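The structure under discussion appears below in the form of structure tokens.
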Amino acid sequence: GWDDPRGFIAVAARTALLLVWLGLCWYGARANTRTSSASGTNEIRKHRRVFWVVLPALIGWFLYLPYADRHQIATSDSTALRWLGLALFGIAYWLRIESIRAQGPQFSCAVAIQEQHRLTTNGPYRWMRHPAYAGVIGIIAGLSLVFGNLVAAAIMTGLVWIWMETRIRDEEKLLLEEFGLEFSRYARQTRKLIPFVY
């Protein structure tokens, strides 16, 4: 929409996306979401390399969505689909913010145990073990749907879900080693990514 802002805002869900995104950015900045830049202990470093492989695909997807929507490449005109995508995006982004807030300074992009690490079971962690990852998956799916692109939603959501599953597997192994029975009990009481379902 850089060279056609009127065309961009012609679809109400796209305009609302900007407002929701800015509002959640403001909310996240106001919330206590300070994170750790430390790599911690026992870091599983392969996840840093995977990130640099996935990053170009994410950038390509992010640029492709508005281009495809503008030129009607594999996009749907369904207004309901776009609003559904916006709702999913907003919930997922909020979930990610609240997950970071619940973890506090021990939240890190590294798959590692941080100094004075504690098992977080409050906030969204009451219902699922990996709400921050569920947030990432939902953001990808939601944005794709706001731009009416079911193909991009399926491909990128699938790719990111697989990526998150590999992180979850390694993260849970570290948490089990660090917290033992406490984590085992917590894992039995919660789901990985979708409350009461999965």
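The values are calculated or read from the model by the stated rules, or taken from the named source; none is laboratory data. What you see is a predicted model, and the numbers here were worked out from it, not measured in a lab. A quick note on method: Cβ atoms are made from the backbone with ideal geometry, for glycine too, and the neighbour counts reach across all protein chains shown. For the accessible areas, the whole protein counts, side chains as well, though only heavy atoms, and no ligand, DNA or RNA atoms are used. Shrake-Rupley method; radii C 1.70, N 1.55, O 1.52, S 1.80 Å.
Could you please put 133, 67, 27, 93 in sequence from largest to smallest accessible area, using a 1.4 Å probe?
67, 27, 93, 133
In sequence order, the stretch 79-86 has phi-based couplings of 5, 4, 4, 5, 5, 4, x, 5 Hz under the Karplus curve 6.51 cos²θ - 1.76 cosθ + 1.60, θ = phi - 60°, and Gly or Pro positions carry x. For residue 46, the accessible area of its heavy atoms, probed at 1.4 Å with every protein chain present, is near 80 square angstrom. With R₀ fixed at 30 Å, the C-beta to C-beta distance from residue 27 to residue 110 puts the FRET efficiency at about 0.75. Relative to the longest principal axis of the Cα atoms of the chain, helix 12-30 runs at roughly 30 degrees. When the alpha carbon gyration tensor of the chain is reduced to an equivalent ellipsoid, the three semi-axes, largest first, read 33, 17, 16 Å.
Could you state how much accessible area residue 161 has, in square angstrom rounded to the nearest 10, with a 1.4 Å probe and all protein chains kept in place? Surface open to solvent at residue 161 totals about 80 Å². Across the stretch 21-155, Cα pairs under 8 Å and at least six residues apart give a relative contact order of 40 percent. Taking 129, 185, 45 and ordering them by how much accessible surface each has at a 1.4 Å probe, largest first, produces 45, 185, 129. A simple rule links phi to the HN-Hα coupling: the Karplus curve 6.51 cos²θ - 1.76 cosθ + 1.60 with θ = phi - 60°, which for the stretch 135-152 gives x, 4, 4, x, 4, 4, 5, x, 4, 4, 6, 4, 8, x, 10, 5, 5, 4 Hz, with x for Gly and Pro. Remark: the stretch 99-109, residue by residue, has Karplus-estimated 3J(HN,Hα) of 5, 5, 5, 5, 6, x, x, 7, 5, 8, 6 Hz, where x stands for each Gly or Pro and the curve is 6.51 cos²θ - 1.76 cosθ + 1.60 at θ = phi - 60°.
Remark: spin-label model distance residue 121-residue 87 equals 3.3 nm, labels positioned 7 Å along the Cα→Cβ axis.
Per the Debye calculation on the stretch 49-118 with a single equal scatterer at every Cα and no solvent contribution, log₁₀ I(q)/I(0) for q = 0.16, 0.23 Å⁻¹ amounts to -0.84, -1.10.
Going by accessible surface with a 1.4 Å probe and the largest first, 51, 107 read 51, 107. Ratio of Rg to Rh for the stretch 132-193: 1.14 [Cα atoms; Kirkwood radius as inverse mean 1/r over pairs].
Note on residue 178: accessible area is roughly 90 Å² with a 1.4 Å probe, heavy atoms of protein only.
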